[in-house]
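S.K.: This is the structure, below, for whatever I ask next.
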Amino acid sequence: MNWKLACACAFSEGVPQRSLWVALVVGTILKLINQGDRLLSGQHLDFMKIALTYLVPYFVSTYGAVSFRLHAAQRDGDPQ
């Protein structure tokens with residue numbers, strides 16, 4: 001795999017913006033599922049878990065977009 005091309009895809013044409021929106025929506029839903037009871041009761045929140053709850057959907061969304069673009073470039077014979 002060409003890491004340089006993968007990184008270029010990860011930061012190109014709206015990928016970061018779409019991944020951010022996915023992370024905000026999915027991360028918020030997961031945060032409420034996983035720590036909603038603590039949030040409502042005023043208990044201590046685990047900020048490492050909250051950070052990971054948003055980072056994981058961001059990276060998964062970015063990975064999906066990059067692998068799609070790399071596959072499309074390989075199929076079309078376009079080095080991008």
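We did not get these values from a lab; they are worked out from the coordinates using the rules stated. Values in this document were obtained by computation on a predicted structure and should not be read as measured data. Note that we place each Cβ from the backbone using ideal geometry, even for glycine, and neighbour counts take in every protein chain shown.
S.K.: In percent, what relative contact order does region 14-76 have, based on Cα pairs under 8 Å that are 6 or more apart in sequence? Don't jump to the answer; show the numbers that get you there.
M.R.: Numbers: 35 pairs, mean separation 30.9, N = 63.
Computed value for region 14-76: 49 percent relative contact order.
S.K.: In addition: If each residue's Cβ is checked for other Cβ atoms within 10 Å, how do Ser12, Ser61 rank with the fewest at the top? All intermediate terms of the calculation are to be shown ahead of the outcome.
M.R.: Details: Ser12 13, Ser61 19.
Exposure proxy ranking, most exposed first: Ser12, Ser61.
S.K.: Among Ala23, Ala51, Ala65, which one shows the highest mean-square fluctuation when the chain is modelled as a Gaussian network with alpha-carbon springs under 10 Å?
M.R.: Greatest mean-square fluctuation among the candidates belongs to Ala51.
S.K.: Size of the dipole of the chain about the Cα centre, Lys and Arg at +1 and Asp and Glu at -1 on the beta carbon, nothing else charged, in debye to 20?
M.R.: Values: 7 positive and 5 negative charges, 17 e Å.
Magnitude of the dipole: close to 80 debye.
S.K.: Near Ala23, within a Cβ-to-Cβ distance under 15 Å, what is the net charge of the other residues, with Lys and Arg +1 and Asp and Glu -1?
M.R.: On the way: positive: Arg18, Lys31, Lys49; negative: none.
Residues near Ala23 contribute +3 overall.
S.K.: Largest first, please: the extent of the C-alpha atoms of region 2-63 along each principal axis, to the nearest Å.
M.R.: Result, largest extent first: 47, 17, 11 Å.
S.K.: A further question on this structure: R0 = 22 Å: FRET efficiency of Tyr63 with Gln35, Cβ-based, nearest 0.05? Each step should come with its number before you reach the end.
M.R.: Details: r = 25 Å, r/R0 = 1.13.
That gives a FRET efficiency of 0.35.
S.K.: Still on this structure, I have one more. Tell me, in nm to one decimal, what length is gained between Lys49 and Gln17 on full extension, where the rule is 0.36 nm per residue of separation less the Cα-Cα distance?
M.R.: On the way: separation 32, 0.36 × 32 = 11.52 nm, distance 2.25 nm.
Net length gain for the segment: 9.3 nm.
S.K.: Helix 15-41 against the longest principal axis of the chain: what's the angle in degrees, Cα atoms only, rounded to the nearest 10?
M.R.: Helix 15-41 sits roughly 20 degrees off the main axis of the chain.
S.K.: When the chain is fully extended, how far beyond the present Cα-Cα distance does Cys7 get from Arg75, taking 0.36 nm per residue of separation?
M.R.: Full extension from Cys7 to Arg75 adds 22.6 nm.
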